[in-house]
Amino acid sequence: MDDLVMEKALNQLLEKLRGAYGKNLKSVILYGSGATGETHGSFSDLNVLTVLERLGVKELEASEAVFQWWREKGNPAPLLMSVEEVRGSTDCFPIEFHDIAERKKILHGEDVTAGLAIDDAFYRAQVEHELRAKLLRLRQKAAGVLKNKELLLRLMCDSVSTFCVLGRHALRLAGQPAPWGKRAIVEQMRASFGVGGQALDMLISLREGTARARGMDPGALFAQYLGEIAALAEAVDRLER
């Protein structure tokens, strides 16, 4: 996704959010790798936090068409929170709030996250939980597409960005350098945790279009990928609590 396409998509999203919420819309924040322009091809990393003054069933009803449109464009659904929730949930979502604190772009309104103190009491547990839960989900989805090489590759390419994000947070927890670039994350995981990373590197290349799937054995790649994710989860499990 080039900058012009990304800017157009975000402007369309803003227009729809303003139409849905009016003055109730307090803040829209693009965060994570999308805020630094690191997107590739048809794989989206546009993570958006949408903050409302009031958030109830009426606001959810107004969200339905906007969120459905955004997901159909291949983007993750925006995080939808009230101002009060943002102020009181840094202990529940340290991964997301650290990402927002480090890489963000204010698209609308005020920066409601400015000056927030992020509570890391459950940070390690959240990282391990997310790794293990997403590994289980990956296995579940793969069970239905193992015989379809194209769908299996797509599943892996769709998921690798998430596991790189979690790898970066694992590095943060370990007190190691925690770069933002996907390849740099994999290299640092290799150095810090002994995670091989060959499957992760290949999937990043497929996302970027610098490698082709022709002649590749997706089943073997998937087995290696599962092993690398499991090794990362075990490394987080061994970190000091």
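The values are calculated or read from the model by the stated rules, or taken from the named source; none is laboratory data. Quantities reported herein were computed from a predicted structural model and do not represent experimental measurements. Don't worry about glycine lacking a Cβ; one is built from the backbone with ideal geometry, like all the others, and counts go over all protein chains shown.
Couple of notes before you dig in:
- The stretch 39-51 residues that are at pLDDT below 70, paired with ones that are of a type in the set (A, V, I, L, M) (beta carbon under 6 Å, 6 or more apart): T39/M1
- The set of residues in the stretch 185-241 that are in contact with a Gly (Cβ under 9 Å, 6 or more places away or on another chain), basic (K, R) and within 22 Å of R132 (Cβ to Cβ) contains only R190.
- G219 assigned to a helix (DSSP H, G or I), of a type outside the set (A, V, I, L, M) and either loosely packed, with under 14 Cβ neighbours inside 10 Å or not assigned by TED's automatic domain parsing to the domain that holds S33 (or both): yes
- Contacts under 8 angstrom Cβ, first residue in the stretch 152-177 being touching a residue at least 60 places away in the same chain (Cβ under 8 Å) and closer than 16 Å to A220 by Cα, partner small (G, A, S) and not in a helix (DSSP H, G or I), 6 or more apart: L153/A213
- When the stretch 52-64 is filtered for residues that are touching a residue at least 12 places away in the same chain (Cβ under 8 Å) and within 22 Å of the chain's Cα centre (by Cα), the ones remaining, listed by number, are L52, S63.
- Residue, farthest from R241 (Cα to Cα), within the stretch 83-98, restricted to residues that are assigned to a helix (DSSP H, G or I) and of a type in the set (A, V, I, L, M, F, W, C): V83
- Tallying residues that are within 20 Å of R168 (Cβ to Cβ) and either in contact with a Pro (Cβ under 7 Å, 6 or more places away or on another chain) or in a helix (DSSP H, G or I) (or both) within the stretch 58-82 yields 0.
- Residues (buried (at least 19 other Cβ atoms within 10 Å of the Cβ) and among the hydroxyl-bearing types (S, T, Y)) located in the stretch 143-170: S159, S161
- Matching residues in the stretch 14-29 - criterion: being in a strand (DSSP E or B) and basic (K, R): K26
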